[in-house]
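Any read-out appearing in this document is the output of simple, stated calculations on the displayed coordinates, not a laboratory observation. What you are looking at is a predicted structure, and each value in this text was computed from that prediction instead of being measured. Note that each Cβ is placed from the backbone with ideal geometry, even for glycine, and that neighbours are counted across all protein chains shown.
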Amino acid sequence: MLAELTAPSDDHRWRLVEARIRRAGGEPDALIEILHTVQEAFGYLDTTALAFVSEALAIPPSRVYGVATFYSLFTLKPPGEHACVVCLGTACYINGAPAILARIRADLGIGPGETTDDLRVSLLTARCIGACSLAPVVVLDGEVAGGQTPESAIARLGAL
């Protein structure tokens, strides 16, 4: 039988995590599923969450951390207020996506998978977003913008 869980805080999002753990029977095999639930609820996996999952599933913290850092869909840092996705599909790549990434790195000091220190912008990349005729494409907070240049991408980010 699954032991009584004690959430790290009274934040209502922990109830979602606890429910998922109960549905999985507290089995260690549910680790990835539970980590996805935590990230969906909180936006990222912090040390408190990793420790809670470790205790709830009765597995070593090193295993939880290892899984969380192995899979690229998990993040250990809070997301930025705004998400900027640069498409790196073939059409975008050959039409200037690397220059856009370089300019963002130079101006904001972040690379793919990173967030500015002030938590304003998270930079992500995508293999292809399916808008090849608009290449190169930058998606800012879900809004697709085609025909981007390093200057236009930075201008859009600066308008935030």
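Of note:
- With respect to the chain, whose longest principal axis is taken over its alpha-carbon atoms, helix 97-108 is tilted by about 70°.
- GNM top mover of Gly142, Gly80, Gly43 - the chain, alpha-carbon springs below 10 Å: Gly142
- Put a plus charge on the Cβ of each Lys and Arg, a minus charge on the Cβ of each Asp and Glu, and nothing anywhere else: the dipole of the chain about its Cα centre is then about 400 debye.
- In degrees, nearest ten, helix 61-70 long axis to first principal axis of the chain (Cα): 20 degrees
- Cysteines (scope the chain) whose Cβ has no counterpart Cys Cβ under 4.7 Å: Cys84, Cys128, Cys132
- Inter-centroid distance (Cα atoms) of region 141-160 relative to region 48-114, Å: 20 Å
- DSSP-defined beta bridges in region 26-160 - what % are antiparallel, rounded to 5: 55 percent
- With helices as the sole contributors, the chain gives -13000 deg cm²/dmol at 222 nm; each DSSP H run of n ≥ 4 counts as -39500 (n - 2.57), and the sum is divided by every residue.
- Within the shell defined by Cβ-Cβ distances under 12 Å, the residues around Val53 carry a net charge of -2, with Lys and Arg each +1 and Asp and Glu each -1.
- Region 10-51 - Debye-derived log10 I(q)/I(0), Cα point model, q = 0.15, 0.29, 0.31 Å⁻¹: -0.30, -1.11, -1.21
- Using alpha carbons only, the radius of gyration of region 97-160 set against its Kirkwood radius gives Rg/Rh = 0.93.
- The chain: relative contact order as a whole-number percent, Cα under 8 Å and 6+ apart: 18 percent
- Long-range tail of P(r) for region 58-123 (Cα pairs > 14 Å, %): 65 percent
- Angle in degrees between helix 47-57 and the longest Cα principal axis of the chain, rounded to the nearest 10: 40 degrees
- Label of the coordinate-derived value, Kirkwood radius over Cα pairs in Å, listed as [x] 19.6; [y] 17.4; [z] 15.8: [y]
- Taking max minus min of the alpha-carbon positions on each principal axis, region 22-81 gives extents of 35, 23, 19 Å, largest first.
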